[in-house]
Amino acid sequence: MADDGYSGGIVVTIANAMVIAGFFAISLYNVLEINIQVFFTFLKWKGLYFWSLLISSWGIVLHSVGFLLQFFQFCTNDYVNITIITLGGIPMVIGQSVVLYSRLHLIVYDRRKIRWVLIMIISSFFLFTIPPTVLNYGSNSSNPAPFIGPFKVYEKVMLFGFAAQEITISGIYLWETRKMLRVMEPGMSEAPRRVMRHLIYVNILVILMDLSIIGTELGGLHDIQTTYKSVVYSVKLKLEFPVLNQLRNLVKREGHGYSLSSSHLSSFRGCRFVVVRPIFNYPQRSQQQHKIHLLGV
């Protein structure tokens, strides 16, 4: 019972225990809400966006339950606890990046940039999940001493790595959305601008939440960080739905949306979305460079 949860259970004050339990409850509630929204949003249950949302949310449950079992030793077999944490943590974190990736084509025309993001996500799996998983099992073995030190270091490397990845993807959204705002005609409807600004605000919020996880870990609050992270990832998934609702409302209000080649719609196939005529006129050159569609839920 030491090391702030890096090995075995933890000894905490009642206040910290209540915080951890509170984060656990919030995470589960958010996941329940996310799953209800997903199944009501999608007409056909298939596609990368659909499954990445679901699998990432289910990972949050396993991640939260695993740490609750380990920290308070509800299950005294730490190998079981670590297995549950791992089976939840990987889809929770990687799944969030896949969610961002699966709708990246909404605003990014350059396929090379999208492919680069996919390569980055695949690389992060090997760099930031396999080594800490091995060290985590070692830290909870019968001889944890050689593993705890490296695990503490790699835990921070993992947090920085995944945060950098999500900040990079969010940064791409910010950059591309800003470019779209620049080419919008001054006399056009305010609705598309409002949607674009909303996308900017959401991605800024995602970046701030990633930084808050790092701050909690660097503050020496590993036990709090692990449960707080589940809350953050559940909130980030919930932010997907305001984005989709904004797009839906725009389509209903304006009666038309951006154009995009049908091949880009594959990951959203099965969702209750509409794709119609261009919502505003770019200059001819910009129109070729910025193929976008708005999707309504």
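Using θ = phi - 60° in the Karplus curve 6.51 cos²θ - 1.76 cosθ + 1.60, the 3J(HN,Hα) couplings for region 159-170 round to 4, 5, x, 5, 5, 4, 5, 5, 5, 4, 5, 5 Hz; x is entered for Gly and Pro. Using the average count of surrounding beta-carbon atoms within 10 Å as a protection proxy, the listed peptides 61-68, 15-22 rank, highest first, as 61-68, 15-22. VAL206 sits among other residues whose Cβ lies under 10 Å from its own Cβ, and their net charge, with Lys and Arg +1 and Asp and Glu -1, is -1.
Under conditions of 4 °C and 1.567 mPa s, region 3-243 yields 69 µm² s⁻¹ as its translational diffusion coefficient, taking Rh as the Kirkwood radius over Cα pairs in the Stokes-Einstein equation.
The numbers here are math on the coordinates, done by the rules we state, and not lab data. Bear in mind the structure is a predicted one, so any value in this text is a computation, not a measurement. Using ideal geometry, Cβ is built from the backbone for each residue, glycine included, and neighbour counts are taken over all protein chains shown.
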